[in-house]
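Here the structure comes first, spelled out in C-alpha cells, and everything after it is commentary.
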Amino acid sequence: MQGIKNIIFDFGNVLFDLDLPSVERNLRQLWGERFPEAAARLQSSHIFELYETGGLSTEEFVDALRFAAGTPLTEEQVVGAWNSIFLQMPKARFDLLLRLRDGYKVFLLSNINELHAAWIDDYLLREHGISDFHQRYFDGVYYSHLIRLRKPGRDIYEYVLADAELRPEESVFFDDMEANVEAARQVGIRGILHPVGKEIIEALAELGLTPPSSDDFESSDE
C-alpha cells in the first residue's frame, strides 16, 4: 500500500479479541423474561452511546443497568456482565505494534468506556506486565469516552486528523465494522474492513505494510 505513513487501529476484534455477544448472554440470564423490555428501554434512552461518549458517569451507567428490569442487580453482577466481552490480546500483537512504529506513526481509535478501559489496563498489567501501554505502543490514543466523540460520526475522524496533524490520504484505518470503515473513507482515510477472526499481523502483511514473520504466526495464539 503506497504512500501510507500513519496506521490507525480500532481496538476490539482488531488488536484485542472480543466475545461481542457475551454481554447480551449474561444480561439475558440475569434479567430473565424481562430482558426484551429492559433492553428496549435502555436502547431507546441511548444509555450505551451516552456512556461511550462520556455523557454518563460509571455510577450512573451501572445504576441504569441495575434497575432496568425490576428486581435490582448488584453492582458486581452488572460490571461482571459488562466486562465479560474481553478475551485476550496475544503477545505477538504487542511486538507488531513496536515494529510498526519503526516505519509508521501508529494510533488507536476506539469506541470505549471507562469500565472497559479500566479492565484493559488491569489486564495489560496482570497478563503482560505493561503499565505504559499508550505511550509505549502508540503515537496517539483516542478513546470515545475521553474525546466525547464516537464512531461512525464523521467528526471523530476529523478530530483525529486535526489533533495528530495527519493527511488523510497518508493514513489507513482498520476496523471490524463496515459503517466505521465507510465513515473513515468519507473523510479521505483509506479504510480497511478487518474480518473478525482474521489475524491483524497477516492482514498488514498482505497489504505490504509490514513484512511477514514466522515468529508472529507461531506466537499469535499465546
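Considering only the stretch 110-122, I want to know if a residue exists there that is among the aromatic types (Phe, Trp, Tyr), modelled with pLDDT of 95 or more and either open to solvent by less than 30 Å² (accessible area, probe 1.4 Å) or not in a helix (DSSP H, G or I) (or both). Quick ask: steps written out before the conclusion?
Keep residues of the stretch 110-122 that are among the aromatic types (Phe, Trp, Tyr), which gives 119.
From what is left, the residues that are modelled with pLDDT of 95 or more are 119.
Then keep just the ones that are either open to solvent by less than 30 Å² (accessible area, probe 1.4 Å) or not in a helix (DSSP H, G or I) (or both); that gives none.
So far as the stretch 110-122 goes, no, none of its residues is among the aromatic types (Phe, Trp, Tyr), modelled with pLDDT of 95 or more and either open to solvent by less than 30 Å² (accessible area, probe 1.4 Å) or not in a helix (DSSP H, G or I) (or both).
Restricting attention to the stretch 150-176, report how many residues are touching a strand residue (DSSP E or B) at 6+ places or on another chain (Cβ under 8 Å), closer than 18 Å to ILE112 by Cα and of a type outside the set (Phe, Trp, Tyr).
Qualifying residue count for the region: 5.
Of all residues in the stretch 145-159 being open to solvent by less than 80 Å² (accessible area, probe 1.4 Å) and part of a loop (DSSP other than H, G, I, E, B), which is nearest to TYR51 (Cα to Cα)?
Once the filter is applied, the top-ranked residue is LEU149.
Within the stretch 160-178, can you find the residues that are open to solvent by 30 Å² or more (accessible area, probe 1.4 Å) and part of a helix (DSSP H, G or I)? Walk me through it before giving the result.
So in the stretch 160-178, the residues open to solvent by 30 Å² or more (accessible area, probe 1.4 Å) come out as 162-163, 165, 167-170, 176-178.
Within the stretch 160-178, ALA162, ASP163, PRO168, GLU169, GLU170, GLU178 meet the criteria.
How many residues, within the stretch 124-140, are free of Cβ contacts under 8 Å to residues at least 40 places away in the same chain, open to solvent by less than 40 Å² (accessible area, probe 1.4 Å) and closer than 18 Å to LEU166 by Cβ?
So the answer is 1.
For a quick check of your reading of the model, give me the residue pairs whose first member lies in the stretch 150-172 and is in contact (Cβ under 8 Å) with a residue 12 or more places away in the chain, whose second is outside any helix (DSSP H, G or I) and surrounded by fewer than 13 Cβ atoms within 10 Å (Cβ to Cβ), with beta-carbon atoms closer than 9 Å and at least 6 apart or on different chains.
Pairs found: LEU161/ARG167; GLU169/GLY3; GLU170/GLY3; VAL172/MET1.
Taking the stretch 179-201, which residues are in a helix (DSSP H, G or I) and either surrounded by 21 or more Cβ atoms within 10 Å (Cβ to Cβ) or under 19 Å from the mean Cα position of the chain (by Cα) (or both)?
Answer for the stretch 179-201, where residues must be in a helix (DSSP H, G or I) and either surrounded by 21 or more Cβ atoms within 10 Å (Cβ to Cβ) or under 19 Å from the mean Cα position of the chain (by Cα) (or both): ALA179, ASN180, VAL181, GLU182, ALA183, ALA184, ARG185, ILE200, ILE201.
In the stretch 100-109, which residues are buried (at least 18 other Cβ atoms within 10 Å of the Cβ) and modelled with pLDDT under 95?
So the first thing to find is which residues in the stretch 100-109 are buried (at least 18 other Cβ atoms within 10 Å of the Cβ), and the list is 100, 104-109.
Of everything in the stretch 100-109, nothing turns out to be buried (at least 18 other Cβ atoms within 10 Å of the Cβ) and modelled with pLDDT under 95.
The values are calculated or read from the model by the stated rules, or taken from the named source; none is laboratory data. Quick caveat, the model's predicted, so the values are computed rather than measured. Reconstructed Cβ throughout: ideal geometry from the backbone, glycine too, with neighbour counts over all protein chains shown. We work out accessible area using only protein heavy atoms, side chains counted, and drop any ligands, DNA or RNA first. Shrake-Rupley method; radii C 1.70, N 1.55, O 1.52, S 1.80 Å.
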